[in-house]
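Written out below as structure tokens is the structure these notes cover.
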Amino acid sequence: MKKFKKILAKKNRSKIICLTAYSKNIAEEVDKYADIVLVGDSLGSVLYNYSSTRKVTLTEMINHSKSVRLGIKKSLMVVDMPYKTYDTNFSALKNAKKIIKETKCDAVKLEGGKKIIKQVKFLIKNKIPVMGHLGLLPQFAKGKFKSKGKTSREIKQLISDALFLQREGVFAIVLECVKSSVAKQITQSLNIPTIGIGSSIFCDGQVLVTDDLLGLNQTKIKFVKRFLNLKKHINIGLKKFSSEVKLKKYPSKKYSY
Ligand code: KIV
């Protein structure tokens with residue numbers, strides 16, 4: 001409960017940092033900077049080259065989350081519920097319980113607003129903490145990723161979905177690819193924090209896929225800023241290893257039994 005309160009207390013005070021992790025070693029580093037570590041189903045495209053997050057299975061999410069758990073000391077850990085695992089109240093509760101029991105995460109994230117509100121309500125009634133996700137919903141997007149909140153119908157829908165989710169008790173809402181002015185309006189209308197991804201500076205926090213910001217995953221999405229070219233650093237190390245092996249410099253006596 002303390003972790004949730006800490007995140008809520010940041011609204012209108014300081015920015016919330018949310019980062020993805022899919023394994024222990026990255027989770028250990030991310031944990032030092034993040035308030036929330038998200039095991040996102042983006043792992044489907046980032047790690048497995050899936051054409052859509054729809055192909056990600058519950059088993060894959062649980063296995064990666066178990067590894068991530070080992071790397072987290074302080075952050076709140078959230079796990080994405082994969083596509084088709086929360087179609088009904090019954091399946092949502094059964095699968096969320098399984099995720100929490102096996103991974104020891106703190107909360108689950110579901111994509112959608114009014115359409116999934118019954119499941120959200122049911123999970124929260126059963127003491128499962130839920131994070132919302134509105135705007136571009138990768139599990140339901142068809143074709144190219146487009147920004148949301150361009151028409152008055154979309155704006156109305158987004159605002160009402162956000163209010164619905166808040167009313168049912170989600171502790172925060174991810175806003176993906178939502179127009180700046182709309183993200184601002186939603187953020188100002190809510191008592192709970194919004195976490196933006198491609199949704200402007202006006203959100204209460206920001207999330208990015210860690211592999212994207214570190215340059216491990218080469219993507220050309222508009223909102224992705226590459227903060228480091230980690231591939232370059234990895235190549236320096238691998239090249240050194242390869243060359244020392246070929247020159248018979250490694251393993252020297254120091255590294256041999
Ligand atoms: O799957 C994911 O990583 C996500 C975030 C990028 C918000 O949902």
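FYI, it's all coordinate maths here, none of it is from the lab. What you see is a predicted model; the values in this text were computed from it and never measured. Note: ideal-geometry Cβ built from the backbone for every residue, glycine included; neighbour counts use all protein chains shown.
Quick notes
- The trypsin sites (Lys or Arg not before Pro) of region 47-110 that meet both conditions, a loop assignment by DSSP and at most 16 other Cβ atoms within 10 Å of the site Cβ, are Lys73, Lys74, Lys84, Lys104.
- Inter-label distance, nm, simple model (7 Å from Cα along the C-beta direction), Tyr50/Lys104: 2.6
- The antiparallel fraction among DSSP beta bridges confined to the chain stands at about 5%.
- Summed residue charge, Cβ within 10 Å of Ser200's Cβ, Lys/Arg positive, Asp/Glu negative: +2
- Euclidean distance of C-alpha centroids, region 95-122 and region 170-230, integer Å: 21
- Pairwise label distance in nanometres, Ser189 with Phe140, each label 7 Å out on the Cα-Cβ vector: 1.6
- Electrostatic tally near Lys125: other residues with Cβ closer than 14 Å to its Cβ, Lys and Arg +1, Asp and Glu -1, net +4.
- If you wrap the tightest convex hull around every Cα atom of the chain and split its volume per residue, you get 146 Å³.
- Dimensions (Å) - region 1-120, Cα atoms, principal axes, largest first: 35, 31, 26
- Dipole orientation for region 1-129: of the candidates Thr57, Ser23, Leu93, Leu93 has the Cα lying most toward the positive pole (charges on Cβ; Lys, Arg +1; Asp, Glu -1).
- Proximal charge balance of Ala141 [Cβ under 11 Å; K/R count +1, D/E count -1]: +3
- Estimated at 0.36 nm per residue, the fully extended path between Lys240 and Lys6 surpasses their Cα-Cα distance by 79.8 nm.
- Computed label-point distance, nm, for sites Lys66 and Lys15 using a 7 Å Cα→Cβ extension: 3.6
- Considering all C-alpha pairs of region 177-257, those separated by over 16 Å amount to 66%.
- Compactness of region 20-75 - radius of gyration and Dmax, Cα, Å: 11.2, 33
- Whole-Å semi-axes of the ellipsoid equivalent to region 47-103 (Cα gyration tensor, √5λ, descending): 20, 17, 8
- Length available on full extension from Lys125 to Lys74: 0.36 nm per residue minus the Cα-Cα distance, which gives 15.8 nm.
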